[in-house]
Amino acid sequence: MTRRGYAVLVTAVPLLAAGWWGRFALAGVLGAILLGAVSAAVLGTGRTLRITVRRSVYPSRVTRGRPAQARLWVTNPGSRRQPGFTAADPAGPVIRSVRVRGLPPGGETVQHYELPTDVRGRWTIGPLSLERRDAFGLARSSLPAGETTTLWVHPRRLPARALSGGRRRHHHEGTVTDSALRGSAELNDVREYVPGDEVRLLHWKATARTGQLMVRDLADPQRSRFTVLLDTRAAAATAAGFEELVETAASLLSASVAAGQHTCLLTSSGHRTAVDGTAGSVGVLLDALSEVTQDDRTARLPPDRGGNLVVVCGDGPPLVPAATLLRRFTRIHVIALGGPVEVPGARVLRARTADEAVRLWNEALG
């Protein structure tokens, strides 16, 4: 029973008592009516729903602010009519409710409803909650149904130009040659093993020297390298300002992947996502940007990556000393959305929004 149902039940008891022992017929009739209404509500909503429910989300990945919908199939496979109900579907920060009418035996209905896409993130849709209420709101029943689905809300992307050039200045074992030594894969770095790395890439000499499993990091030296370092420090930007930073990073990374470059996303908190620039790999970067949040952690840069680096930052001191960046990357660019930023040896673009930042970026590339 709901709170209203309990209140009606509490009211019905003294009315029945007054009608039975106090000989007040009207009070007894009112008490009986109220008690009957509560009993009918409990019995009506207590009936088990025997239906089949399926839900799909399309598209499963969408740009912030663009429409996304859920499609709900409800089928009555039994031989008895099933009463109507309300399907409540948790969709990230909100709950979507859909009213489903009663279904005859073998009947089916399809419902569509919008999903919230105004906030960037990785949102879990479901599980569904099938609720039944009586007409007076005296009782209700709830039944979980269906599975969960993930909706990725990507940051908005603006048309940006790709930065060409900026190959590695040196090789892990010498100078980079103009052509690949072994097909299209050359040794880029030797790093610690992480679950998922191929065993055949283990570097046994480095493993013996360090006492830890080390693997070869192979790359194509013919392709340019492009890295975006995103400032995720909580003090660097407000919540709205951080969204502008993320949109700027998403625009530059997408342009780099479209140009076929080795592309990498770094955050000041230590997150790293790298793709090889093939078709479809931009989705991996956008998924990572969907989950990026602000925090106060500041991690060290990974080993030398080379190529071009773009630092997308807000207010506050520089993320990494300029001398360190100059040693690790061929060219450095800084896009500052906030206060003045000075990085010796780097081109600095100052803007207030992602739209302005991308416009200045495109103008700077000519």
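Values as computed for the structure displayed
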read-out	value
Accessible area of region 1-147 belonging to carbon and sulfur atoms, whole % at 1.4 Å probe	58
Sequence of 282, 119, 310 when ordered by accessible area, the most exposed leading, probe 1.4 angstrom	119, 282, 310
Simple label model, 7 Å out from Cα along Cβ direction - residue 11 to residue 60, nm	5.1
Distance between modelled label sites at residue 33 and residue 209, nm, 7 Å Cα→Cβ extension	9.2
Percentage relative contact order, region 237-309, counting C-alpha pairs under 8 Å, at least six apart	26
Largest to smallest accessible area among 333, 271 [probe 1.4 Å]	271, 333
Heavy atoms of residue 251: accessible area, 1.4 Å probe, square angstrom to 10	0
Protection proxy ranking, peptides 351-364, 37-50, average beta carbon neighbours within 10 Å, highest first	351-364, 37-50
Computed label-point distance, nm, for sites residue 24 and residue 198 using a 7 Å Cα→Cβ extension	8.7
From phi via Karplus (6.51, -1.76, 1.60), per-residue ³J(HN,Hα) for region 246-253 in Hz, x at Gly/Pro	5, 5, 5, 4, 4, 5, 5, 5
Probe 1.4 Å, accessible area per residue of region 49-96, Å²	52
Burial order of peptide ranges 258-268, 197-207 (average beta-carbon count within 10 Å, highest first)	258-268, 197-207
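The values are calculated or read from the model by the stated rules, or taken from the named source; none is laboratory data. These figures come from a predicted structure and were not determined experimentally. Backbone-built Cβ (ideal geometry, glycine too); neighbour counts: all protein chains shown. What goes into the accessible areas is simple: the full protein's heavy atoms, side chains included, and nothing from ligands, DNA or RNA. Shrake-Rupley method; radii C 1.70, N 1.55, O 1.52, S 1.80 Å.
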